[in-house]
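The values are calculated or read from the model by the stated rules, or taken from the named source; none is laboratory data. Because the structure is a prediction, the values reported are computed rather than measured. For neighbour counting, all protein chains shown are included, and Cβ atoms are generated from backbone atoms with ideal geometry for every residue, glycine included. Side chains are part of the model used for accessible areas, which takes the heavy atoms of the whole protein and leaves out ligands, DNA and RNA. Shrake-Rupley method; radii C 1.70, N 1.55, O 1.52, S 1.80 Å.
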Amino acid sequence: MTTALRIRDLASAVRSKNAGIYYITFDIMFDDWESYRLVRDANVITRESVAALYGIPQDQVVTVVNHDPGQGIKVTILRRQSSGSPGDPDVLGCQQHAPLYDIEVRADGATVSPGVRGS
Amino acid sequence: MDELRILSATGALGATPMDEDSFWGGVERHPHLIGADAGSNDVGPYGLGADTCYFPREWVKHDLRLMLLASRQRGIPMTVGSAGHMGTNKGVDYTVSILEEIAREENLPPFRLARIYVELDTEALHRALDAGDTETLDGSPTLTHELIDATDHAVSVMGAEPYLEAFRQGADVIIAGRSCDDAIFASYPIFKGFDRALSIHLGKVLECASVAATPYMARNAMLGTIRSDAILFEPMNPRQVCTPVSVAAHSMYEEAHPHLHRIPGGIVHLGGCAFTQRDARTVAVTGARFEPTELRLKVEGAGFVGYRFVGILGIRDPLTIRNLDRFMRFAEERVRTRYPQWVQGRDYEVHTHVYGVDATMKDWEPLRSDLPHEIGIVVEAVSKDESLAKLICRLHRKSLMVAEYPGQKATTGKAAIMADEELRGMDAYRWTIYHTVRVSDPMAHARVQMDTLGGERT
């Protein structure tokens, strides 16, 4: 039995932020190439997994991109309303990332949840 | 000219006072231009809609003073983009009025000032819509005349061209309205004949100044250098360094896609970039590629929604917390039935934010069923009728205090309050326009005004 590692243990930064007024974008960043490669190749951060994690339709996941030079994975989703209009609970979009912490990756790097990566 | 050095003074002019040591350290490196981004749409539609500058005047003046003094001492141009925070005409004039004060206080000799205005009147937008020249952007709704009519202020987001025009007219100092962040820094190298894609990439990294270096620091200066085939970045705070990863990672920041950077009339492709450590603190970047597209300018608009009142309550009773949904529904129902003549969504809107449960993530919250021992509720009521906004806020808050559910034990009051009051919030605005407009001329929405400042004796 191979133990699972979580994103919070592997990534050096996990953050969310507005990208314009209709998007919230997530950056999952790594200090070392090996951790980045492990998560990237495990294919656990996908359009499907993000949609499931946030309970949103897959077409509201705008992009999932691996950014090799920056050792980071970027996910962008549609906001439910434009930033800062009445009722918006997070004007800056900076507190939407917490569910990503607990995505699991098997320590041997094997894929645990196959998915189609968008671009 | 073999290379051009651009000093980014701070990532957000006036947001907090910039770091002076790293700024003057950067000035010692003989930059050819000093620039700073003064604005953002990040904090929501209020600034644009109400046409106000959030940042404290003292801090804006602090940052402008350092930049203007260095610019005039060295005889090099200076650029400020998205002046006054949202880059409205008033924001530009407000920033210039502070510059005038500084020029007087410092007895500065005369210099040429360019103001660039990009605020749009709604008539121009109605015409663009009728001509079929507007397009949605990033999931914004289809533009309508109703949305345009609901707009109090709209700005066009300028690329490099209006800056180029100001440089052609001999500007020493450019105070520009709403700008693409990159243009504030990229326009001067483009003006001097450097590669457009490299210039834009340089500007894109420089706009947040020290944020592209590590460890993380805000409001510290960053030096960018452009040559014929590469751009280089070096942080001006000696405690920071640039690494290939820190610079590459910055292209993810606040962008939907790390490899595609859109500007008016083109896309800069960053997917093929190479990042190389040049010395202990400097990184060189190559490979940005420009692809021309149809010329479209982004337009941002915001409009008044209503007056806002806020009420705050605390709940500690575990039975109430366990029956939260029923409890909340009771209050909503009571507000709805008490005043049937006023309709939620038409005459007012009311939003409840339940801290401790799902206030921050709403329907995206995966842990909603993990109930805590205490919750806080913020009631937000908005209406164009100020007294109705206050009344609805009060009614909803009071209804929560007496809401009923089966099995309740506490009958004196369901919520604790710090004080029996509604708080007047900032007026509520919303984004009305976030679209592109097809134009034939990159200057279509811009007006450059030249003046001479300084040369006055106090």
Original post:
Out of all the residues in the stretch B:377-391, is one or more open to solvent by 30 Å² or more (accessible area, probe 1.4 Å), in a loop (DSSP other than H, G, I, E, B) and over 30 Å from B:Val92 (Cβ atoms)?
Top reply: yes
Subject >> Among the candidates B:Val283, B:Val357, B:Val379, residue that is at pLDDT 95 or above, within 28 Å of the chain's Cα centre (by Cα) and not assigned by TED's automatic domain parsing to the domain that holds B:Cys180 >> reply: B:Val379
Original post:
Applying the selection to the stretch B:310-346, what residues are touching a strand residue (DSSP E or B) at 6+ places or on another chain (Cβ under 8 Å), open to solvent by 90 Å² or more (accessible area, probe 1.4 Å) and part of a helix (DSSP H, G or I)?
Top reply: B:Arg336
**OP:** Being without any contact (Cβ under 8 Å) to a residue 12 or more places away in the chain and of a type in the set (D, E, K, R) narrows it down to one of B:Glu3, B:Glu28, so name that one.
**Re:** B:Glu28
Subject >> Any hit, the stretch B:249-258, residues being more than 14 Å from chain A (Cβ to nearest Cβ) and surrounded by fewer than 21 Cβ atoms within 10 Å (Cβ to Cβ) >> reply: no
Subject >> Check on A:Ile28, facing chain B (nearest Cβ under 10 Å) and over 25 Å from A:Arg106 (Cβ atoms) >> reply: no
Original post:
If you check B:Ser179, B:Ser140, B:Ser156, which single one turns out to be out of contact with any helix residue (DSSP H, G or I) (no Cβ under 6 Å at 6 or more places or on another chain), over 22 Å from B:Met78 (Cα atoms) and of a type in the set (S, T, N, Q)?
Top reply: B:Ser140
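Tell me, which helices (runs of 4 or more DSSP H) lie completely within the stretch B:78-186 with 3 or more residues that are over 30 Å from B:Ala288 (Cβ atoms)?
By residue number, B:89-105, B:122-130, B:145-149.
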**OP:** Please work out if B:Ala416 is touching a Phe, Trp or Tyr at 6+ places or on another chain (Cβ under 8 Å) and either touching a residue at least 60 places away in the same chain (Cβ under 8 Å) or among the β-branched types (Val, Ile, Thr) (or both).
**Re:** no
**OP:** Say whether the condition of being out of contact with any strand residue (DSSP E or B) (no Cβ under 6 Å at 6 or more places or on another chain), among the polar types (S, T, N, Q), within 25 Å of A:Arg79 (Cβ to Cβ) and open to solvent by 20 Å² or more (accessible area, probe 1.4 Å) is met by at least one residue in the stretch B:354-365.
**Re:** yes
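Tell me the residue from B:Leu48, B:Leu4, B:Leu99, B:Leu33 that is touching a strand residue (DSSP E or B) at 6+ places or on another chain (Cβ under 8 Å), surrounded by 20 or more Cβ atoms within 10 Å (Cβ to Cβ), modelled with pLDDT of 95 or more and within 14 Å of chain A (Cβ to nearest Cβ), please. Write out each step before concluding.
Values: B:Leu4 fails: within 14 Å of chain A (Cβ to nearest Cβ); B:Leu99 fails: within 14 Å of chain A (Cβ to nearest Cβ); B:Leu33 fails: within 14 Å of chain A (Cβ to nearest Cβ).
Going through B:Leu48, B:Leu4, B:Leu99, B:Leu33 in turn, just one is touching a strand residue (DSSP E or B) at 6+ places or on another chain (Cβ under 8 Å), surrounded by 20 or more Cβ atoms within 10 Å (Cβ to Cβ), modelled with pLDDT of 95 or more and within 14 Å of chain A (Cβ to nearest Cβ): B:Leu48.
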